[in-house]
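Everything below concerns the one structure shown next.
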Amino acid sequence: MKICVIGCGYVGLVSATCFAECGLDVICVDNNAAKIDLLLEGQVPFYEPYLEDLIKKNVDCNSLLFSKDLNAHIADVDAIFLAVGTPMQSDGKADLQYIYSAVEGIRNQLKGYTLIIVKSTVPIGTGDEIERTLLKSVAKENFDVVSNPEFLREGSAISDFMTPDRILVGCENDNSDKIMRDIYASLIANNIPYIKMKRRSAEMAKYAANSFLAMKVSFINEIADLCEATNANVKEVSKAIGYDKRIGNSFLEPGPGYGGSCFPKDVSALINIAHEHGSELRIIEGVKASNNRRKDLLSNRIIKKIKIGNNGDVVSILGVSFKAGTDDVRESPSLSIISNLIDSGVNVKVYDPRAIENYHKIMPDVRTCITLDEAISGADVIVILTEWDEFKNISLSSLKNKMKGNKIFDYRNIFNPETMNKLGFEYYCLGS
Ligand code: UDX
């Protein structure tokens, strides 16, 4: 089986590499020449654990190939995955320009039967629109369009691909179902559930899954606030409700708000899709509003408790990536929180073990630190925004000695409040 993956971004590159690892012949194409050059030199354009080694292994055994030239490869592949970005437009809708330019790029090049598989997250009905576009130049019997959403988390994308909770396939006939089963044969053989449904349901399921998870995060964040107000403890509450199998124990960690390349974009897109269909998603609209408000709420908690202005407190921010395990700062809550602090006149310095370069590209004027030691030395206040192991493993006594002040705002609950108080920190965490 020979497949082509269009798009060497996060989803495309991880999927292409894992398909090669599963035994398929894979060509991964991107029109960003610099990205392909980097990959051809054996470098990966972003950080994802184990990805670089897996790419090298599959490139070395010729099962994974990178190319800038889409036309050179389209004719002799059995299936084409569309894995291009569908970023959020300023009005909150998904921007489908990369999807349609990829479809335009292939529609006159297909030879024989080819399965077109949409991996990108796209609004419900996009598969139908792709089909209509392809029909302008390809005979009906020479292609099918399938929806096959991804559920890869940054930082654990390889294992999420290799051992997913399910493979979701939205297709309209038996032939495309059979090809999808062939493509995923090695995972199906490992008892991964393969769930087939109509194409529109699969497109919807992706948005519904991410919106539901975003809702869980916002829910526990609000419960954490209420725990603080009522002197309950959110860790205990999360544990108590998580034991109920109907609720489940994951995605119940309070934090500074959800971020990343998926949740904020997919929540906004789903709200827009509902409006376009004359429908209202009051819960999901509430999730979006709650998540936006959270960043202001948590910034204000810091601002109220510190000295601002000339000779004001030096506030050291630990963590800018939207979560641990990635160098991605897209829609990271830290962006808003740091900007709020700076706008209020706070003297800020920022450190992250992986994401500082990406942060510096978008916020070049903010003072950044090269090492954790530089970040904590002389700080009056520390604000933890990402749950990196490097922060969890810090020696608390040396932290105390190196800081000038003693205030810690731990917005990932990585430390034990009793220990922190005993050591003489003025410690603020979430939900207790
Ligand atoms: C998400 C989905 O999980 C994945 O299935 C999808 O296909 C892509 O989007 P990702 O964006 O990598 O993956 O991040 P995820 O691990 O889901 O976390 C999203 C956000 O929620 C992060 O900002 C994270 O810090 C936050 N979060 C998550 C919490 O604050 N608390 C939790 O308990 C879980």
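Derivation of every value follows stated rules applied to the coordinates shown; laboratory data play no part. What you see is a predicted model; the values in this text were computed from it and never measured. All Cβ positions, even for glycine, are placed from backbone atoms using ideal geometry, and neighbour counts span all protein chains on display.
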Inset, instruction - Could you grab the relative contact order for the chain? Cα pairs under 8 Å, six or more apart, rounded to a whole percent. - result: 12
Inset, instruction - Taking DSSP loops as anything outside H, G, I, E and B, show the longest stretch in the chain free of GluC sites (Glu not before Pro) there with at most 15 other beta carbons within 10 Å. - result: 42-279
Inset, instruction - List every residue whose amide H lies under 5 Å from the amide H of F81, counting only residues 5 or more places away in sequence or on a different chain, with H placed 1.01 Å from N in the peptide plane. - result: C4, V5, I6, I117
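So what's the net charge close to A34: Lys and Arg +1, Asp and Glu -1, counting the other residues with Cβ under 13 Å from its Cβ?
Charge balance in the 13 Å sphere: -1.
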Legend entry - Simple label model, 7 Å out from Cα along Cβ direction - Q89 to N233, nm: 5.0
Legend entry - Among N272, N142, N413, residue whose mean-square fluctuation peaks in a GNM of the chain (springs only between Cα atoms under 10 Å): N142
Inset, instruction - Starting from the amide H of I167, placed 1.01 Å from N in the peptide plane, find each other amide H under 5 Å away whose residue is 5 or more places distant or on another chain. - result: Y194, I195
Inset, instruction - Please give the length that would be gained between I283 and I195 if that part of the chain were fully extended, namely 0.36 nm times their separation in residues minus their C-alpha to C-alpha distance (nm, one decimal). - result: 29.0 nm
Inset, instruction - Go through the range 79-173 and name the trypsin sites (Lys or Arg not before Pro) that are in a DSSP coil and have 16 or fewer other Cβ atoms within 10 Å of their Cβ. - result: K111, K136, R153, R166
Inset, instruction - Starting from the Cα of N393, move 7 Å in the Cα-to-Cβ direction to define the label point; list residues of the range 315-349 whose amide nitrogen is under 16 Å from there. - result: 324-326
Inset, instruction - Per residue of the range 419-426, in order, report the coupling 6.51 cos²θ - 1.76 cosθ + 1.60 (Karplus, θ = phi - 60°) as ³J(HN,Hα) in whole Hz, putting x for Gly and Pro. - result: 4, 5, 5, 4, 6, x, 7, 8
Legend entry - Share, in percent, of DSSP beta bridges within the chain that are antiparallel, nearest 5: 5
Inset, instruction - Sticking with the crude label model, points 7 Å out along Cα→Cβ, report the distance from D365 to N142 in nm, one decimal please. - result: 5.6
Legend entry - Net charge contributed by nearby residues that have their C-beta within less than 14 Å of F425 (K/R +1, D/E -1): +2
Inset, instruction - Report Rg(Cα)/(2.2 N^0.38 Å) for the range 181-251, keeping two decimals. - result: 1.59
Inset, instruction - Report the residue, chosen from D174, D328, D389, that carries the largest GNM mean-square fluctuation when the chain is represented by alpha-carbon nodes joined by springs under 10 Å. - result: D174
Inset, instruction - Check the straight Cα-Cα distances from K136 and name the lysines below 20 Å, setting aside those fewer than 8 residues away within the same chain. - result: K111
Inset, instruction - Mind pulling the angle between the C-alpha long axis of helix 126-135 and the longest principal axis of the chain? Nearest 10 degrees, somewhere in 0 to 90. - result: 30
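What is the sum of charges, Lys and Arg at +1 and Asp and Glu at -1, for the other residues whose Cβ falls under 15 Å from the Cβ of T230? Provide the component values of the computation, followed by the final result.
Numbers: positive: K235; negative: E222, D225, E228, E236.
Combined, the nearby Lys, Arg, Asp and Glu give -3.
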Inset, instruction - Hey, can you grab everything whose amide H is under 5 Å from the amide H of D410? Only 5+ residues off in sequence or another chain; H modelled, so Pro and N-termini drop out. - result: I384, Y428, C429
Inset, instruction - Evaluate E = 1/(1 + (r/R0)^6) for A208 and T133, where r is the Cβ-Cβ distance and R0 equals 35 Å; express this FRET efficiency to the nearest 0.05. - result: 0.85
Legend entry - Rel. contact order, % - alpha carbon contacts under 8 angstrom, at least six apart, the range 226-324: 22
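Note the direction-averaged projected area, equal to a quarter of the hull surface, for the Cα convex hull of the range 2-197, in nm².
It is 10.7 nm².
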Legend entry - Convex hull volume of the range 203-432 per residue (C-alpha atoms, cubic angstrom): 135
Inset, instruction - Starting from the range 25-68, pick out the chymotrypsin sites (Phe, Trp or Tyr not before Pro) whose DSSP state is loop and whose Cβ has at most 13 other Cβ atoms within 10 Å. - result: Y50
Inset, instruction - Please work out the Cα convex hull volume for the chain and give it in Å³ per residue. - result: 153
Inset, instruction - Mind pulling the angle between the C-alpha long axis of helix 282-305 and the longest principal axis of the chain? Nearest 10 degrees, somewhere in 0 to 90. - result: 30
Legend entry - Cβ-derived FRET efficiency at R0 60 Å, K245 paired with D69, nearest 0.05: 0.75
Inset, instruction - Go through K216/K245; K307/K407; K35/K361; K288/K349; K140/K178 and tell me which ones have a Cα-Cα distance over 22 Å in this structure. - result: K288/K349
Inset, instruction - Any aspartates and glutamates with Cα under 15 Å of the K295 Cα? List them, leaving off those in the same chain fewer than 8 positions away. - result: E222, D225, E331, D343, D410
Legend entry - Folded to 0 to 90 degrees: helix 10-21 orientation relative to the chain principal axis, Cα: 60
